[in-house]
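**Q** My structure is below; once you've seen it, I'll send some questions.
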Amino acid sequence: KLILYQAPTGTGKTVSPIGLVKKYKLIFVCAAKHIGLQLAKNCISLGIKIAIAFGCLDASDIRLHYYAAKEYVKNRKTGGIFRVDNSVGDNVEIIISDIQSFLPSMRYMLAFNNASDIIWYWDEPTISLDQETHEFHSILQNNWKQNVIPNVILSSATLPRESELTNF
């Protein structure tokens with residue numbers, strides 16, 4: 001399924017993935033890290049189990065928030081979480097990723113979930129596409145070629161009309 005979610009700026013598109021975690025696992029992708037971090041802050045406030053994937057070369061670079069940690073070592077003195085095993089992502093409900101980390105995020109989520117239970121939620125997918133050349137172009141093309149997540153939401157205030165989309 002491909003869903004084009006277009007709404008004016010400031011209407012809550014970025015926090016709408018929170019409503020989807022009851023049924024789906026999500027990979028939230030955004031080019032602007034501060035937007036992803038704001039979503040992370042909201043998720044943490046609500047007790048949603050998240051992972052962060054910024055600048056990842058592979059799944060070993062993904063980091064779990066303590067809520068999502070399943071295997072960890074406790075500090076003997078304080079009783080708090082001391083060391084998290086980030087390779088165990090069974091509990092992750094939303095992984096918040098930058099564009100370059102989408103494929104490691106996808107592989108990470110697929111290690112614990114069926115592809116049909118995951119949504120690729122891409123915030124502002126048209127970023128950089130108004131430029132003839134940009135460093136994101138080859139990354140975006142590669143993300144589309146290797147993607148195996150069947151459910152995709154493209155969320156932006158400025159999406160093309162369906163008639164303007166070519167086959168992809």
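**Q** Step by step: first the residues of the stretch 8-51, then only those that are of a type in the set (Lys, Arg) and in contact (Cβ under 8 Å) with a residue 24 or more places away in the chain, then the one that is farthest from VAL84 (Cα to Cα). Which residue is that? Break it down stepwise before answering.
**A** Within the stretch 8-51, the first condition is being of a type in the set (Lys, Arg), and the residues that meet it are 13, 22-23, 25, 33, 41, 49.
Next, only the ones that are in contact (Cβ under 8 Å) with a residue 24 or more places away in the chain stay: 13, 25, 33, 49.
Details: LYS13: 31, LYS25: 21, LYS33: 23, LYS49: 14 Å.
Taking the candidates together, the pick is LYS13.
So that you can scan it fast, the table gives a plain yes or no per residue for (1) open to solvent by less than 70 Å² (accessible area, probe 1.4 Å); (2) under 24 Å from LYS22 (Cα atoms); (3) out of contact with any Asp or Glu (no Cβ under 7 Å at 6 or more places or on another chain); (4) not aromatic (Phe, Trp, Tyr):
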position	(1), (2), (3), (4)
GLY47	yes, yes, yes, yes
GLN100	no, no, yes, yes
MET106	yes, yes, yes, yes
ASN113	yes, yes, yes, yes
TRP122	yes, yes, yes, no
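**Q** Answer yes or no as to whether LYS1 is in contact with an Asp or Glu (Cβ under 6 Å, 6 or more places away or on another chain) and either open to solvent by 60 Å² or more (accessible area, probe 1.4 Å) or on the phi > 0 side of the Ramachandran plot (or both).
**A** no
**Q** What residue, among those in the stretch 76-86 that are surrounded by 11 or more Cβ atoms within 10 Å (Cβ to Cβ) and over 29 Å from GLY19 (Cβ atoms), is nearest to the chain's Cα centre (by Cα)? Quick ask: steps written out before the conclusion?
**A** Here is the first cut: in the stretch 76-86, the ones surrounded by 11 or more Cβ atoms within 10 Å (Cβ to Cβ) are 81-86.
Filter once more, keeping what is over 29 Å from GLY19 (Cβ atoms): 82-83, 85.
On the way: PHE82: 25, ARG83: 23, ASP85: 20 Å.
Among those that are surrounded by 11 or more Cβ atoms within 10 Å (Cβ to Cβ) and over 29 Å from GLY19 (Cβ atoms), it is ASP85.
**Q** Identify the residue in the stretch 14-30 that is open to solvent by 30 Å² or more (accessible area, probe 1.4 Å), part of a loop (DSSP other than H, G, I, E, B) and closer than 18 Å to VAL152 by Cβ and, among all such residues, is modelled with the lowest pLDDT.
**A** In this case the residue turns out to be THR14.
**Q** Out of (1) assigned to a strand (DSSP E or B); (2) open to solvent by 60 Å² or more (accessible area, probe 1.4 Å); (3) in contact with a helix residue (DSSP H, G or I) (Cβ under 6 Å, 6 or more places away or on another chain), what's the single condition that is false for VAL73?
**A** The failed condition is (3).
**Q** Can you find a residue in the stretch 5-23 that is charged (D, E, K, R) and within 13 Å of the chain's Cα centre (by Cα)? Full working, then the answer.
**A** Filtering the stretch 5-23 for residues charged (D, E, K, R) gives 13, 22-23.
From the residues that got through so far, the ones that are within 13 Å of the chain's Cα centre (by Cα) too are none.
No; the residues of the stretch 5-23 include none that is charged (D, E, K, R) and within 13 Å of the chain's Cα centre (by Cα).
**Q** Provide a single number: the residues in the stretch 76-115 that are outside any loop (DSSP other than H, G, I, E, B) and either at pLDDT below 80 or out of contact with any Phe, Trp or Tyr (no Cβ under 8 Å at 6 or more places or on another chain) (or both). Before you say what the answer is, go through the steps one by one.
**A** Going through the stretch 76-115, the residues outside any loop (DSSP other than H, G, I, E, B) turn out to be 81-84, 94-97, 99-110, 115.
Checking which are either at pLDDT below 80 or out of contact with any Phe, Trp or Tyr (no Cβ under 8 Å at 6 or more places or on another chain) (or both) leaves us with 81-82, 100, 103-105, 107-110, 115.
Final tally of qualifying residues: 11.
**Q** Within the stretch 138-168, how many residues turn out to be open to solvent by 80 Å² or more (accessible area, probe 1.4 Å) and either touching a residue at least 60 places away in the same chain (Cβ under 8 Å) or part of a loop (DSSP other than H, G, I, E, B) (or both)?
**A** 7
**Q** Go through (1) open to solvent by 100 Å² or more (accessible area, probe 1.4 Å); (2) among the charged types (D, E, K, R); (3) over 26 Å from LYS23 (Cα atoms) for ASP58 and report which single condition fails.
**A** For ASP58, the failing item is (1).
**Q** Using the structure shown, decide if LYS41 is open to solvent by 30 Å² or more (accessible area, probe 1.4 Å), in contact with a strand residue (DSSP E or B) (Cβ under 8 Å, 6 or more places away or on another chain) and modelled with pLDDT of 90 or more.
**A** No.
The values are calculated or read from the model by the stated rules, or taken from the named source; none is laboratory data. Only a predicted model underlies this, so the values are computations on that prediction, with no experimental measurement involved. Note that we place each Cβ from the backbone using ideal geometry, even for glycine, and neighbour counts take in every protein chain shown. For the accessible areas, the whole protein counts, side chains as well, though only heavy atoms, and no ligand, DNA or RNA atoms are used. Shrake-Rupley method; radii C 1.70, N 1.55, O 1.52, S 1.80 Å.
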